[in-house]
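Structure first, then comments.
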Amino acid sequence: MEHFGELYIDGQWVAPAREGTRTLIDPTSEEPWATVTSGGGVPEVDLAVAAARRAFTTFSQTSVEERVQLIDRIIASYERREADLAQLIAHEVGVPVSFKAQVAGPAGHMKVARDLIESYAFERQLADTIVRREPIGVCALISPWNWPLQTSVIKVIYGIAAGCTMVLKPSDASPASGVALAQVMDEAGTPPGVFNLVIGPGRVVGDALARHSDVDMVSFTGSTGAGVTVGEAAAQTVKRACLELGGKSANIVLTDGNLEKAARWTIQRAFSNTGQSCHAPSRLLVHEDQVGDLLPFLVDEIARMRVGDPRDPATTHGPLVHAAQFDSVQKHIEIGLEEGGRLVAGGLGRMEGFERGFFCKPTVLTDVTREMTLAKEEIFGPVVVVMPYKSEEEALDIANDSIFGLGGYVFGEDRQRAYEFSCGLRAGRVAFNGANVNSYTPMGGYKQSGVGRSMGVFGLEEYLEVKSIFGFDEESHALPTFA
């Protein structure tokens with residue numbers, strides 16, 4: 001059994017001052033597969049933040065070329081380990097090795113950040129003023145378990161691209177992924193103190209980072225409830241908080257939409273990562289006269305799924321992350337049935353053929369209305385609800401009737417009509433006819449889905465402060481180059 005017993009602070013692997021270990025459970029077998037230190041706490045946060053503060057003095061002054069070279073080394077180290085990383089997260093959180101986006105995706109994000117800073121204007125002339133973008137400082141990065149590598153990598157790499165230093169706290173449910181990323185950073189020759197890793201409970205380590213007076217920015221991805229707590233803690237020292245939180249995204253099939261394409265895509269997208277995705281299109285809105293024609297396509301697409309051991313390359317869908325998540329999804333399905341939802345596929349209990357493992361049945365319920373719990377709460381599992389609408393005006397109203405506003409999806413044949421409908425959605429990202437998202441454009445939400453954006457130019461600028469220097473017109477001096 002593996003043991004992850006050290007933290008990474010100031011370029012060194014160090015044991016926490018307080019002893020203690022915690023057992024990690026494989027969600028497929030429900031058996032222990034590793035242990036991890038449980039000793040990380042406030043003293044380690046203080047050490048890591050102090051190391052990051054010292055390193056910021058010099059790293060903030062590095063050139064773009066130096067940071068590009070560092071990112072290239074990180075990419076090379078990461079790509080050498082991709083096969084091992086895929087096996088690691090299969091053990092840790094049940095992600096199938098066939099789900100390439102989880103492990104291959106982070107390298108792509110790193111390349112986008114690297115290329116971006118080579119052309120980004122860190123200084124601009126505005127009248128007689130130089131407007132500079134400068135690294136914000138020491139960043140606390142708190143990542144989730146559902147995308148344990150990708151989310152952490154996006155936070156880390158944009159911080160480095162900006163010239164910031166950082167402390168990463170991985171989720172309590174995926175600490176081994178954080179250790180693996182620290183190994184990548186160490187092998188790449190990241191300067192001491194630029195990247196630090198502290199493992200520990202969110203209520204201790206996360207809270208200490210969010211409140212720390214020497215942390216200039218906190219980037220958090222997780223539930224809306226936890227995000228509120230982080231935001232409140234960060235406000236005590238008036239630091240910037242970038243929060244990517246929950247979602248209850250709607251996929252609206254307009255009356256001219258392709259029902260089969262919309263149904264199959266919904267199952268593929270909503271149930272990828274076993275439904276544990278904040279952007280999942282978990283509400284499927286269909287005109288009341290078309291619901292009956294659409295439902296068989298949902299059932300057929302579910303039948304094509306291959307649920308099983310995530311280490312098997314043939315598996316498309318694995319288990320939920322842990323027992324608590326399994327129980328939560330089961331409770332939501334039960335509530336949905338009690339409130340009048342009609343079962344189309346799946347239902348309560350462990351998936352047939354699985355005596356062990358947190359394998360939830362892929363579930364679809366119809367006859368769901370906006371007042372019902374399943375239409376309001378983020379389930380974070382393989383559950384889709386089908387909601388009928390009478391008019392497209394009502395469909396837009398239903399879609400926007402949520403505290404969340406992370407993503408939205410529209411299917412239709414008339415592009416202008418679909419575009420106008422998309423503009424009415426109160427969501428940070430909208431995809432038309434199943435279009436793929438990309439790493440260049442911003443990700444983030446409206447309403448209680450968060451504050452700020454990640455990825456691309458907008459993501460980079462979350463890690464930069466803006467400074468105006470007056471009295472320097474373009475003709476009277478040669479602009480220096482900030483890098």
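The values are calculated or read from the model by the stated rules, or taken from the named source; none is laboratory data. Note that this is a predicted model, so its numbers are computed, not measured. A quick note on method: Cβ atoms are made from the backbone with ideal geometry, for glycine too, and the neighbour counts reach across all protein chains shown.
The set of residues from the stretch 292-310 being part of a helix (DSSP H, G or I) and touching a residue at least 40 places away in the same chain (Cβ under 8 Å) comprises Leu294, Leu295, Leu298, Val299, Ile302.
Contact map, the stretch 438-451: first residue more than 25 Å from Asp115 (Cα to Cα), second residue outside any loop (DSSP other than H, G, I, E, B) and acidic (Asp, Glu), Cβ cut-off under 6 Å, separation 6 or more or different chains; pairs are Gly450/Glu244.
Given the condition under 21 Å from Lys376 (Cα atoms), within 15 Å of the chain's Cα centre (by Cα) and not in a strand (DSSP E or B), answer yes or no: does some residue in the stretch 249-256 qualify? Yes: one or more hits.
Look through the stretch 62-118, keep the residues that are among the β-branched types (Val, Ile, Thr) and outside any helix (DSSP H, G or I), and return whichever of them is nearest to the chain's Cα centre (by Cα). Applying the filter and picking the extreme gives Val95. Of the residues making up the stretch 86-134, just one is touching a Pro at 6+ places or on another chain (Cβ under 7 Å) and surrounded by fewer than 20 Cβ atoms within 10 Å (Cβ to Cβ), namely Ser98.
Just one of the listed residues (Gln12, Gln87, Gln61) is touching a residue at least 60 places away in the same chain (Cβ under 8 Å) and farther than 28 Å from Asp214 by Cβ, namely Gln87.
Suppose the filter is more than 19 Å from the chain's Cα centre (by Cα), assigned by TED's automatic domain parsing to the domain that holds Val93 and either crowded, with 24+ Cβ neighbours inside 10 Å or touching a residue at least 12 places away in the same chain (Cβ under 8 Å) (or both); does Ala180 pass it? Here the answer is no, as Ala180 does not meet what is asked. Filtered by the rule that a residue be outside any helix (DSSP H, G or I) and farther than 22 Å from Thr58 by Cα, the stretch 161-197 gives Lys169, Pro170, Ser171, Asp172, Ala173, Ser174.
Go through the stretch 414-433 and give me each residue that's closer than 15 Å to Pro281 by Cα and assigned to a helix (DSSP H, G or I).
Keep residues of the stretch 414-433 that are closer than 15 Å to Pro281 by Cα, which gives 422, 425-433.
Listed by number, the list holds a single entry, Ser422.
Do the conditions hold for Ala263, that is, is it in contact (Cβ under 8 Å) with a residue 60 or more places away in the chain, on the phi < 0 side of the Ramachandran plot and not β-branched (Val, Ile, Thr)? Considered against the rule, which asks whether it is in contact (Cβ under 8 Å) with a residue 60 or more places away in the chain, on the phi < 0 side of the Ramachandran plot and not β-branched (Val, Ile, Thr), Ala263 comes out as no.
Considering Val204, Val230, Val215, the condition of being among the hydrophobic types (A, V, I, L, M, F, W, C) and part of a loop (DSSP other than H, G, I, E, B) is satisfied by Val215 alone.
Considering (1) surrounded by fewer than 17 Cβ atoms within 10 Å (Cβ to Cβ); (2) part of a loop (DSSP other than H, G, I, E, B); (3) modelled with pLDDT of 95 or more, the lone condition that Ile469 does not fulfil carries the number (2).
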